[in-house]
1. Within segment B:399-433, what residues put their amide N at less than 15 Å from the label point 7 Å along the Cα-to-Cβ vector of B:ASN332?
2. Which part of segment B:190-216 falls in the paramagnetic zone of B:GLU84, meaning amide N under 13 Å from the point 7 Å along Cα-to-beta-carbon?
3. Each residue of segment B:396-411 in turn: what ³J(HN,Hα) in whole Hz from Karplus with 6.51, -1.76, 1.60 and θ = phi - 60°, glycine and Pro shown as x?
4. Fewest to most neighbouring Cβ within 10 Å: what's the order for B:LEU92, B:LEU429, A:LEU204?
5. Would you mind ranking A:GLU411, A:GLU401, B:GLU515 by Cβ crowding within 10 Å, fewest neighbours first?
6. Assigning unit charges at the beta carbon (Lys, Arg +1; Asp, Glu -1) and nothing else, what dipole magnitude in debye, to the nearest 20, does segment A:363-469 show about its Cα centre?
7. How large is the dipole of segment B:499-557 about the Cα centre if only Lys and Arg carry +1 and Asp and Glu carry -1, each at its Cβ, rounded to the nearest 20 debye?
8. Would you mind computing Rg(Cα) / (2.2 N^0.38 Å) for the protein assembly as shown, counting N as its residues?
Amino acid sequence: MKKYIYGLFIVALLVTSCNKLVEGINTDPNNPLDADPNSMLTSIMVGNMNIQEGDLARFAGMWSGYFRGYTQQYQSYHQYSVIARNFDQAWESIYSGVYKNIKVLKQKALVVNNKRMIGVAQVIEANLLGTTTALWGDIPYREASNDQIQSPAFDAQTAVYASIQNLLDSAIINLNSSAFVSFTAQDIHFGGNMTKWIQTANTLKARYYMHTRDYQKALVAAQVGISTQANNFMAPHYETNRSAFNLYFQFLSLDRRNWIDATGMFGVNILNPTKAGNRSNSKTVERARWSYFYNSASNLNFTVNGFFGQNTYFPLATYAENLLILAEADARLNGFAAGLSRLNNYRAYMNTGAYINSTYLISGNFKYEPYVAADFLAGGIENAGTSIAQDRALLREILEERYITMIGQIEGFNDLRRTFKESDIKVKVPLNFGTSFPQRFIYPQVEIDINKSIPTVLPSLFDVTPINK
Amino acid sequence: MNINSLQNTSRVNRFINSAEINIKPAQWFTLTTRAGVDFFTDQQTNYFPYFTANANTGRYDRDEYSEFQFNLDVIARATHDFTEKLDGNMVLGFNYNSLKTTNIGGQTLNFILPNGPRDFNNVTPSNFAASDSYLNRLTNAGYSSIGMAWDNQFFVNVTGRLEAASTFGQLAKKAFFYPSSDIAWQFNKLEKLQSAKWLSFGKLRASMGIVGVQPQAYQTATNYVTRTWVDGLGGALDPALYGTGSYIQSVNKGNPFLRPERKQEMEAGIDLRFLNNKLSFSISAYSNETVDALISVTQSPASGYNTFYTNAGTIENKGVEIDLGYNVLAKNDWTLDVNLNWTRNKNLVTNLSGAGSITLGGSAGVSSRAVEGYPLGILYSNVFQKDAAGKRVLNANGFPTVDPTAVPIGDPNADWRAAFGFNLKYKKLYLNALLEHSQGGQVINGTEAVLLDYGTSATVGFERTSTTSLKTYKGTTIAAGTPFRGNIGNFGAGDVALDQSWYTGPGGWFGNVGENFLEDATWTRFREINLGYNISSNFLKQKLGLSSIGLELSGRNLFIISKVSGYDPDANVSGSGSGRGVIYFVNPPTKSFLFTLKLNF
């Protein structure tokens, strides 16, 4: 029996040495465990670009009459036939991708007292979650990306908008701070130019006040918003490398050829100068703008000079949008004369060629002469057919101008839903299918599966979000 | 241009070496030390010349993978005869295993010189991407076993293994213990039965044990990664091409509590042979439970992570296996054996720690998943909306509406399987065959679904005319007597026209309603038949040095009987993983005829 006892003794000895041998070699040699805030900033910006410009914008565009889903999955989407899982990937990018890292970045920037970087991160956050709440309504915010909470609560949409306004106020204070560590090289939007960031923050404030129909505050914010095209908040793209190309270009030209086109869609038809019922008139020539967005009656322009071109910068918030916010808000609050003057400011800007690529700015192909009051009176060029009141006719034209300016952007879809009940002036985009217009995006399957805080009654694609009720 | 210039090669060099030292200081004691090294490199290159589809301006990738594994065992064995009938043995061992891998590679696109050398320098720097990764894993264990045998009819073995691995979480237990034991009783050796002619062999056996699977390496902490932002069905934006490059926190949550997954197994069975080994019968029943199954658990993205690799699941298997064999004929030069085998396995995912569902294979619309309370591989998809009474909710046009939320819709696992075979021999000529049957289970016919979408399925190749006017899914009306392409359907509110708008919507693959395409996966298959002849003679042996020549004619997978048409329900889009039951342009298992010539020296 003795030898067995010796045996057990040996085993015990081996066991104690066991653990020592394997300790400390499970540190990943391939990925770091930490990164400084400057190294995180660019990825956050690019992640936000992916959300504003990627598949969410394509869904929105298909449902806003900008383009047609022609084959495969997109044919189904075009008919409003989407399932919860179609939104998984974008939702993951928003939350576990960009938003989580914005939170981490803000904490790290605070440690080194980089107030300006915090301000920039807050503007990106506002843009990211502003789009998210506009599309989905109630969304996780206060409890999102918190290591302690597995099922973050969904905050009411109005509360999210209020938080975003506070966030932007705080951003403006931080952007004005003199405390910073330079991040010029990492700031791919503005190269550390605080004036441009502050103007962007104000335009975004104005945009989200528009969403909630708080036109007075929108007007105030837009007055200190983006003041020139040179200060536009844009997603940069370069032709050096495929993964720096414009996302629309990648989709239209490289990854999913012919899945999307513009045949028969409302957006292309009202710009197309050869189409009956287009929006050109004696003071307006749209051929250049039509060529810039669509280069035929059926295609999106993804040639090198087009809006969807390989290295065309994609608009995230622009001088053009800011001018149109001023026009609509002023017209709604202060009446016809104020609104007309604002619209004519915008038309003056358009008459310089504005955001249209210079290739298309051939004399005679674009003209935006100022309107006069009579143009909006019954029988005027902007109030033909069944007439409506002059001030409503003006708003109708402002909304249509916004609709055209936002081709390809999620904001176009947001506008259609915001003005959906104003049947006299809204842009009358026909339904692609059935009898209902999509009023939101549906919650993703992955959140339905896991998050116990998700609303028990899941809203359908056609349920109006709280702010648009 | 040479069509064979597209080249993908893999060159493997492997070096395996092992050495063993045995020391036997006493008759009853042996000490064995065994060390082994296994080293291999795999050099893979993919060359796509100019004008290749998807690589129009050339692409050249090269990957160098190497793996080094060192294994050391030190084993002490002792045996002892206690009495004439009782003997025993004991083993004590120590095992050390180290694995190191490296992977270095490069991918290049857009050649400068179309016919230039296969070299990373034949592209501009922006068209070159490098990848490199390392892995280092270490395991060690001490183990011991004790075995006893009584009178050569009663056997007991007990084993214990204590294991520690580098991949365990720093806050988890340092080492895990895996016991196992088995017991067998060969009861035909009982004196009373030794004389029984009808029983030639009888054995009762039972075993139980726990085995472990260690976690993957480097899952114990949350990393920072260079992330490319992928855009839905479109392209991607890579932050490395902007600013000064970036690292952000990963979507995979690190887990400092990682421990091995453990499978607890129990099995009992009986093996019997009767009538001078002519008839054989065996039955086994088993039950196993995998606890702490290592799963990459889906997280609510709003919580900040997509996945959390953790000990989350409990998966249960229960099953029975029966084998029956009979030697029908053994006379003169003839022998004929027939055998029958029947198996049944029931699988259930009993716990996923609130992980919802985990994708094992398939697509966005139709997938095979692990879902709590369902068998592993359950088919998961969207369905048509039903009201409280279970009736389909129809829209104003009489068409069903799609529920955008996915649910389990079918079980791809078979209820039972059986096989029947025979082996007939006459002198040196033989003929054997095997027939298999799989009962139950479901499969989703994605190929048919997508052909409906494209309008190329035979089922939509008709022009129909209705005597009444019909609504289409799109809401338009087809007047009575007007021919249209498609079918006439009825979902419960009268006839409707199933035309393009239906099949490109919920009636086809991209409508994501998997239940439309669920089919019974039962099949019966003629798995194989072989006819052969062995020649051996003195002539062959002496003149040609051949001990024998074998000639064989075989047919494999000759025919299949199943309720589905146009495909093999046993095929699977997810290959050999745990995902089952989704067909989507899968290559069917081939039918083959073989002629084999064997020369035995």
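1. Correct set: B:425-429.
2. Counting backbone N atoms under 13 Å from the label point, the list is empty.
3. Once rounded to whole Hz, the list reads 4, 8, x, 9, x, 10, 8, 7, x, 9, 7, 9, x, 10, x, 10.
4. With the fewest neighbours first, B:LEU92, B:LEU429, A:LEU204 line up as B:LEU429, B:LEU92, A:LEU204.
5. Ranking A:GLU411, A:GLU401, B:GLU515 by Cβ neighbours within 10 Å, fewest first, gives B:GLU515, A:GLU401, A:GLU411.
6. The dipole magnitude comes to about 320 debye.
7. 760 debye
8. 1.15
Values in this text are rule-based calculations from the coordinates and carry no lab data. What you see is a predicted model, and the numbers here were worked out from it, not measured in a lab. Cβ sites come from the backbone with ideal geometry, for glycine too, and all protein chains shown count toward neighbours.
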